[in-house]
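Here is the structure we will look at.
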Amino acid sequence: SLLVPLPSVPPSGPSHVLAPCLPEEGQVNTSGPRLSLATLHSASSSSTAMDGIFSALLLSLMLLFQTCGVCGTPPQPRGTLCRTKPTDLVFIIDSSRSVRPQEFEKVKVFMSRVIEGVDVGPNSTRVGVINYASAVKNEFSLKTHQTKAGLLQAVRKIEPLSTGTMTGLAIQFAISRAFSDSEGARVRSPNFNKVAIVVTDGRPQDGVQDVSARARAAGIEIFAIGVGRVDMHTLRQIASEPLDDHVDYVESYSVIEKLTHKFQEAFCVVSDLCATGDHDCEQICISTPGTYKCACKEGFTLNSDGKTCSACSGGSGSALDLVFLIDGSKSVRPENFELVKKFINQIVDSLEVSDKQAQVGLVQYSSSVRQEFPLGQFKSKKDIKAAVKKMAYMEKGTMTGQALKYLIDSSFTIGNGARPGVPKVGIVFTDGRSQDYITDAAKKAKDLGFRMFAVGVGNAVEDELREIASEPVAEHYFYTADFRTISKIGKKLQMKICIGE
């Protein structure tokens, strides 16, 4: 009998984009509950029953059309505002045994989101996927799928290989085969981009430097995305210049989707990025052809990052001695320690660093205390941020009281670069209970006139944070359960430090 499919409810969460409503070419969609003509015939003895069935059928068809509007490729506002340059795009995806199945699904979501944001077609963007572990598997070539729907369905079917990590072999495969004429690549020309996006979460078992150099020399622009405990040196060997634009790191596969907009913009030729919301401006976005710039409301100043705004004038009277006390205990974990470094540099970005304005010092503590650099050692934001990035993780206990005592006895002394008469600010960052007493040192710091901020994450004890924080306490202590949200605290701190100046 003729089968009429009823709509199935798309799965919740962002992964629903991987389940297009339309069946593949040459197939009949027979999933979900079904009504047959035989069923309708058996009910014909009752007109009431027949009316009910046809009403249900009509409703199901209406729902089917509505559902297809959301569970397939969603409408892209970028489509009318962004024309992507014709590109031969090849994803090179690590599916070694360290990538768990649920993490690999996140990579597939990321690929699908990037594909949704580009113009797909034989004369526009063509997409191929290389899947690699100990061996390389060509999932599909640049010439295989000519439509966005076909690409999304093909991505959905990719399975992890779950063996080793031969990244160099995969890049060589891209040069010799994926970007070849026989696989659908176009002749090298200024009118076409050749782009490879490499996603990996580990250290390769083969060399990548020479083969990556050959790929770049062949006109392939390479983006390298590292996840978790990836070897950052390897990413830099793979990626094209400038490295700041071509190397990305995410702490886990669960947040890899946040890179989607970056690649949609990278392929965009003409767009109104302010209108689409694809910008990082804190207050005002001003569009220009193919790009944008940020501005601030009256009374605010654009910071040197070109995106955020502060109420600081940046002129006379903004002198400040700021010292970070950073918890480097083993409970923080290496991947979160990298997020803490970004948090520090986020604060640094909001300051005007010079001999007459802001000076920054950094102290790390665990079972002992280590001064990373004193106040005034670095005279520019660039040098401070570079030193923060190089900071090594101590990975021991949590002696917060000892760190506070060091702040009082050493960090804010003239011998360590502190300036007489200049406001002193301490930012204490911790993720757990202190293993020593903090009361006396916390009180002395505030009695000496230091303005103390306390930032706690995870298992930090709020009573200890309150004890460290200056008055009014509610404005000087912050807590979040998740390291991934500390950038929000950073934004609040930027403004509070600024107002303090």
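The values are calculated or read from the model by the stated rules, or taken from the named source; none is laboratory data. If you're wondering where the values come from, they're calculated on a predicted model, not measured in any experiment. Glycine also receives a Cβ, built like all others from the backbone with ideal geometry; neighbour counts cover every protein chain displayed. We work out accessible area using only protein heavy atoms, side chains counted, and drop any ligands, DNA or RNA first. Shrake-Rupley method; radii C 1.70, N 1.55, O 1.52, S 1.80 Å.
The residues listed here are Ala392, Ala442, Ala387; of these, the one that is open to solvent by 20 Å² or more (accessible area, probe 1.4 Å), in a helix (DSSP H, G or I) and among the hydrophobic types (A, V, I, L, M, F, W, C) is Ala387.
Step by step: first the residues of segment 411-439, then only those that are over 25 Å from Gly397 (Cβ atoms) and of a type in the set (Lys, Arg), then the one that is surrounded by the most Cβ atoms within 10 Å (Cβ to Cβ). Which residue is that? First the steps, then the outcome.
Within segment 411-439, the subset over 25 Å from Gly397 (Cβ atoms) is 413-415, 417-425.
Cutting the leftovers down to of a type in the set (Lys, Arg) gives us 419, 424.
Numbers: Arg419: 17, Lys424: 20.
Per the criteria, the residue is Lys424.
Just one residue in the set Thr125, Thr147 is at pLDDT below 95, over 27 Å from the mean Cα position of the chain (by Cα) and within 27 Å of Asn191 (Cβ to Cβ); that residue is Thr147.
Scanning segment 192-244 for residues that are of a type outside the set (A, V, I, L, M, F, W, C), over 26 Å from Phe483 (Cα atoms) and not in a loop (DSSP other than H, G, I, E, B) returns Asn193, Lys194, Gln209, Asp210, Ser212, Arg214, Arg216, Glu221, Gln237.
Scanning segment 172-191 for residues that are in contact with a Ser or Thr (Cβ under 6 Å, 6 or more places away or on another chain) and either within 20 Å of Asp231 (Cβ to Cβ) or free of Cβ contacts under 8 Å to residues at least 60 places away in the same chain (or both) yields one hit, Glu183.
In segment 85-132, which residue that is part of a loop (DSSP other than H, G, I, E, B) and of a type in the set (S, T, N, Q) is surrounded by the fewest Cβ atoms within 10 Å (Cβ to Cβ)?
The selected residue is Asn123.
Cβ-Cβ contacts under 9 Å between residues 6 or more apart (or on different chains), taken from a first residue in segment 410-423 that is under 15 Å from Ala319 (Cβ atoms) and in the same structural domain as Phe450 (by the TED database) to a second residue that is open to solvent by less than 40 Å² (accessible area, probe 1.4 Å) and of a type in the set (Val, Ile, Thr), are listed as Phe412/Val323; Ala418/Val323. Selection over segment 467-501 of residues that are open to solvent by 80 Å² or more (accessible area, probe 1.4 Å) and in contact with a strand residue (DSSP E or B) (Cβ under 6 Å, 6 or more places away or on another chain) gives a count of 1. Out of segment 133-145, which residues are open to solvent by less than 50 Å² (accessible area, probe 1.4 Å) and either assigned to a strand (DSSP E or B) or not assigned by the TED database to the domain that holds Arg186 (or both)? If the condition is that a residue be open to solvent by less than 50 Å² (accessible area, probe 1.4 Å) and either assigned to a strand (DSSP E or B) or not assigned by the TED database to the domain that holds Arg186 (or both), then Val136, Asn138, Glu139, Phe140 are the ones that fit. State whether the residues of segment 254-263 include one that is closer than 26 Å to Lys385 by Cα, open to solvent by 30 Å² or more (accessible area, probe 1.4 Å), modelled with pLDDT of 80 or more and more than 18 Å from the chain's Cα centre (by Cα). No, segment 254-263 contains no residue that is closer than 26 Å to Lys385 by Cα, open to solvent by 30 Å² or more (accessible area, probe 1.4 Å), modelled with pLDDT of 80 or more and more than 18 Å from the chain's Cα centre (by Cα).
Return yes when Ser350 is among the hydroxyl-bearing types (Ser, Thr, Tyr), more than 18 Å from Val332 (Cα to Cα) and within 30 Å of the chain's Cα centre (by Cα) and no when it is not. Against the criterion (among the hydroxyl-bearing types (Ser, Thr, Tyr), more than 18 Å from Val332 (Cα to Cα) and within 30 Å of the chain's Cα centre (by Cα)), Ser350 qualifies. Just give me the residues in segment 146-165 being open to solvent by 50 Å² or more (accessible area, probe 1.4 Å) and within 15 Å of Val199 (Cβ to Cβ), in sequence order. Leu161 - this is the single residue of segment 146-165 that is open to solvent by 50 Å² or more (accessible area, probe 1.4 Å) and within 15 Å of Val199 (Cβ to Cβ). Taking segment 395-420 as the range and being within 28 Å of Gln357 (Cα to Cα) and assigned to a helix (DSSP H, G or I) as the test, the residues that pass are Ala403, Leu404, Lys405, Tyr406, Leu407, Ile408, Asp409, Ser410, Ser411, Ile414, Gly415, Asn416.
Against the condition at pLDDT below 90, among the charged types (D, E, K, R) and within 19 Å of the chain's Cα centre (by Cα), how does Asp272 come out, does it pass? Considered against the rule, which asks whether it is at pLDDT below 90, among the charged types (D, E, K, R) and within 19 Å of the chain's Cα centre (by Cα), Asp272 comes out as no. Beta carbons closer than 6 Å, at least 6 apart along the sequence or on distinct chains, pair a first residue in segment 204-227 that is within 17 Å of Ala266 (Cβ to Cβ) with a second that is open to solvent by 10 Å² or more (accessible area, probe 1.4 Å) and among the acidic types (Asp, Glu) for Ile225/Asp248. Phe450 fulfils the conditions (1) closer than 19 Å to Gly328 by Cα; (2) surrounded by 19 or more Cβ atoms within 10 Å (Cβ to Cβ) except for a single criterion, (1). Scanning segment 457-466 for residues that are buried (at least 20 other Cβ atoms within 10 Å of the Cβ) and within 18 Å of Asp436 (Cα to Cα) gives Ala460, Glu464, Leu465.
Looking across segment 228-264, the residues that are without any contact (Cβ under 8 Å) to a residue 24 or more places away in the chain and of a type in the set (D, E, K, R) come down to Arg236, Glu241, Asp244, Asp245, Lys258, Lys262.
The residues on offer are Ser380, Ser350, Ser329, Ser310, and the sole one that is among the hydroxyl-bearing types (Ser, Thr, Tyr), surrounded by fewer than 21 Cβ atoms within 10 Å (Cβ to Cβ) and at pLDDT below 95 is Ser380.
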